[in-house]
Structure formats: structure tokens, C-alpha cells
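So the structure is just underneath, and the comments pick up after that.
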Amino acid sequence: MRYIDLHCDTIMKCYLDGISLRANDAQIDLVRSVDSGLLAQCIAIFVPTNDAANTHGVTLPPDEYFYACLEVYKRELEENRDLIAPAMCVQDILDNADTGRLSSILTLEDGVFVDGKLDRLDELYALGVRLISLTWNYENCFGFPQSEDPDAMKLGLKPFGIEAVRHMNSLGIAVDVSHLSDGGFDDVARHSQKPFAASHSCCRTLSDMGRNLTDSQLRTLGEKGGVCGINFVPRFNEKGSEYTKTESVIRHIRHVADVAGVDAAAFGSDFDGFTGEIEFGDCSGMPGVIDELCKVFRESEVEKICKGNALRFLSDVLKG
């Protein structure tokens, strides 16, 4: 069963650690991805700021860092063009598969690069970015991140954030609410004219973390035609845990299907973006995860979770 993964941070490791996307000891590489049945990978350029920049030893300002990572991304795709090709729309994914290649969908995690300028969104679209996680863990021009502070969680999008969501709709860039505050989620649901995604989030009912989605949010996401990519981060699967069990991932997918409908369930691994261990190891373990899905869902539902829902969502948002 082919699958689509809505989020990984591997390009950051390519830039900061100098690893190759083709073969490495990280959680994702192209050789293992091909063997695992991957169809398309959303590859994020995560822009570290504040404490995150210090943690990763990043001293460049956000715009310079973004362009530096972009050059690494472009170089890796060019050097591995026998295995992977960029995709700007769903037809590209299908065409790449016909030629035996994986698809890479370029995304941006933390819209701090945009810096309150709508023309930066036009620039990102021209560069191939097709999904933007509006925030990470810090306030930016779009709005505010998730928080354990109930009052901070109520903060919504800024006026520019609302304008930007509408502009992303018109451009054909998917809006991603992972890491966003509850108030920001509500504003995206209110103002987005197209479906939106939580590219790498889990369920708050099962793990009471602000990064996860409430049942109400899941229902809204499903009603709007969006998808929730369940991630493999231990503490988001089970609060306080440092180890992700396969059964926990299946449990979160089952919860999304029960609350929002099976059409809202997808994968958003967050590979190479977290610490902790997972039972199935890395991307090479995805066939085992899918095997477990087949014990819980009908084959037609598994096909939706693995790739159908993501393809439908991208088709609804991106321009062909």
C-alpha cells in the first residue's frame, strides 16, 4: 500500500548535519522510503528562531536561513532525480509515480519568514512551497502558537494572519494549523475558503497536550474537508512518554476516524523533528504500521488513510 507523509524535518538535518537525503542514519532517507512504499513526502523547511535557534546553533536571520535550506533542498532533489522529483500539484504526484519516482512537496514550518508581507507568500509559491504551518512555538506575524496557558490558547490570528490565509487560498498554498493556538484554529476555520490541514498533530482526548487537536477541532476539520496527519512523537501519542508504540499511532488514527470521519485521517510522521524512540524504528517500519491499520479498518479505508485523503485534500487546495 503506497502512502503519503504530510510532514518531516529531514532537510534540516541535511543542512545542519551535512547528511545525504539518499542514504543516511536519520529517520528518513530515499532508499528506505522507496522500499517502504512511500508515494509522496511533504518536506518542511523549519525556520528555528529564539530558543530553537540557539538549540540548533542557527545564527542566520530567518530569511537567510530559509534560502540556505532551500539551496540544500534543491541540490538534494537534483542529485537524486532518479528517485525523487518535486510536485506542485496532485497531477505531478501521479506523473512522478508513473516514472517510478517519489514526489517531494515543499512546505514551510513557522511562517516567520513571511514577516507580515503578502508578497513573501507570492515568492514562496513561486519557489514551490505548497503548505505553510502558520506558527511553530513562538508568536509571529500570523498569530500565536499553542500554549499550556488557557488564556494564551484563546489568542487568535492577527489581522495580517487573516489576510494571509485568504491570500494563501487564492494562491493555492495549503494552510496548516499544527502548532497553532486554539483561537488561531478557530480563525482559520472561520476565514479559510478552502480545506485546511493539521499536518502533524494527534488527538487531545487521548493525550492532553496543547499541540493536539480537541474533538471539536477534529469535527471542524472533517466538516471543512481537511485532514489530520497523525504524528509519531511519543509525548503527543501518550502524555509523558518517550516511546511511541505502533498501537498508539493506530489508536489516534482510529479516534480521528471516529470523531471527524475516516476521510480526515492521514499520516504526518514528523520524522527527524523529535527525540524519543518509536516501536517501528523509522520510515522503513511504515509497512508494519499499515499492516496494523489493516486489522482495524477495511482495505478501502486504509487506502484513504494512507494516500487517498491526502490526495483529495491537496487536489482541493493546490492548483493543477
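The values are calculated or read from the model by the stated rules, or taken from the named source; none is laboratory data. A quick note: this is a predicted structure, and the numbers were derived from the prediction, not measured. Every residue, glycine as well, gets a Cβ built from its backbone with ideal geometry; the counts of neighbours run over all protein chains shown.
Side notes on the structure shown:
- Total residues in the range 130-144 satisfying the condition of being touching a residue at least 60 places away in the same chain (Cβ under 8 Å) and either in a strand (DSSP E or B) or buried (at least 24 other Cβ atoms within 10 Å of the Cβ) (or both): the figure is 3.
- Taking the listed residues Asn80, Asn24, the one that is free of Cβ contacts under 8 Å to residues at least 40 places away in the same chain, surrounded by 15 or more Cβ atoms within 10 Å (Cβ to Cβ) and not acidic (Asp, Glu) is Asn24, with no other qualifying.
- You will find that of Asp291, Asp263, the residue that is crowded, with 19+ Cβ neighbours inside 10 Å, part of a helix (DSSP H, G or I), among the acidic types (Asp, Glu) and at pLDDT 95 or above is Asp263 and no other.
- A single entry from Leu108, Leu124 fulfils the requirement of being in a helix (DSSP H, G or I), under 20 Å from the mean Cα position of the chain (by Cα) and surrounded by 14 or more Cβ atoms within 10 Å (Cβ to Cβ): Leu124.
- Search result, residues across the range 222-239 that are part of a loop (DSSP other than H, G, I, E, B), farther than 11 Å from Gly276 by Cβ and without any contact (Cβ under 8 Å) to a residue 40 or more places away in the chain: Lys224, Lys239
- Matching residues, the range 234-256, being closer than 19 Å to Gln146 by Cβ and surrounded by fewer than 24 Cβ atoms within 10 Å (Cβ to Cβ): Pro234, Arg235, Glu238, Lys239, Gly240, Ser241, His255
- Hits in the range 192-205 - residues which are touching a helix residue (DSSP H, G or I) at 6+ places or on another chain (Cβ under 7 Å) and under 12 Å from Ile230 (Cα atoms): Ala197, Ala198, Cys202, Cys203
- Residues that are over 16 Å from Glu223 (Cα atoms) and more than 17 Å from the chain's Cα centre (by Cα), drawn from the range 185-209: Arg204, Thr205, Leu206, Ser207, Asp208, Met209
- Criterion applied to Arg211, Arg190, Arg204 was being basic (Lys, Arg) and in contact with a Leu (Cβ under 8 Å, 6 or more places away or on another chain), and the one residue passing it is Arg204.
- One residue stands out among those in the range 294-320 that are outside any helix (DSSP H, G or I) and either closer than 18 Å to Gly225 by Cβ or in contact with a Phe, Trp or Tyr (Cβ under 6 Å, 6 or more places away or on another chain) (or both): the one that is modelled with the lowest pLDDT, which is Gly320.
- Test: residue in the range 1-17 that is under 30 Å from Val302 (Cα atoms), modelled with pLDDT under 95 and surrounded by fewer than 19 Cβ atoms within 10 Å (Cβ to Cβ): yes
- Members of the range 27-57 found to be in a loop (DSSP other than H, G, I, E, B) and buried (at least 20 other Cβ atoms within 10 Å of the Cβ), listed by number: Gln27, Ile28, Asp29, Val47, Pro48
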